[in-house]
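This report concerns only the one structure given below.
A short reminder: the numbers here are calculations on the coordinates, not readings from a lab. Predicted model, so just to flag it, every value in this text is computed and none were measured. We place every Cβ from the backbone using ideal geometry, glycine too, and count neighbours over all the protein chains shown.
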Amino acid sequence: MSYCHKHNLVEPDQAFKERNYGIKVSLPTNDTFSRVLGDSWEKLHWYRSETERDAAFDKMAVRHGYYRKTDNPTQVLEKVQR
């Protein structure tokens, strides 16, 4: 697999290492954004260790500064394990 762009989420030397700890991102029931993404939309992010996953989870749970003050983004974060 070719990795030619620095913005790739996976580092080439780490690409095939096993990742058993994850974060499942989904939308709350009846979220209006599901009209765009669909009712069953979800995204999984996988990590090599529980510590790495927990650090990413904490970072994802913080409301970042790109939202307008009037925006109320919603997401459901869930720690998962294979």
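Taking the Cα atoms only, what angle lies between the long axis of helix 50-61 and the longest principal axis of the chain, rounded to 10 degrees?
The angle comes out near 30 degrees.
Which of the lysines could be linked to Lys69 by a straight reach, that is with a Cα gap under 20 Å, when you skip same-chain ones fewer than 8 residues away?
Lys59
For Ser40, Ser26, Ser34, Ser49, which order do you get if you count the other beta carbons within 10 Å of each Cβ and list the fewest first? Show your work: numbers first, answer last.
Values: Ser40 8, Ser26 18, Ser34 15, Ser49 11.
So the ranking, lowest neighbour count to highest, is Ser40, Ser49, Ser34, Ser26.
Between [x] 46, 24, 22; [y] 48, 24, 15; [z] 41, 29, 24, which matches Cα extents along the principal axes in Å calculated for the structure shown?
Working out Cα extents along the principal axes in Å from the coordinates points to [z].
Given Cβ point charges of +1 (Lys, Arg) and -1 (Asp, Glu) and nothing else, what value in debye, to the nearest 20, does the dipole of the chain about its Cα centre take?
About 180 debye.
Taking the Cβ of Gln81 as the centre, find all other residues whose Cβ is under 10 Å away and add up their charges (Lys, Arg: +1; Asp, Glu: -1).
Summing Lys/Arg as +1 and Asp/Glu as -1 gives +2.
Taking springs between alpha-carbon atoms closer than 10 angstrom, which of Gly22, Gly65, Gly38 fluctuates most in the Gaussian network model of the chain?
For the chain, modelled as a Gaussian network with Cα springs under 10 Å, the answer is Gly65.
Do the sum for the chain: with -39,500 (n - 2.57) for every DSSP H run of n ≥ 4, divided by all residues, what is the mean residue ellipticity at 222 nm, to the nearest 500 deg cm²/dmol?
Computed mean residue ellipticity for the chain: -5000 deg cm²/dmol.
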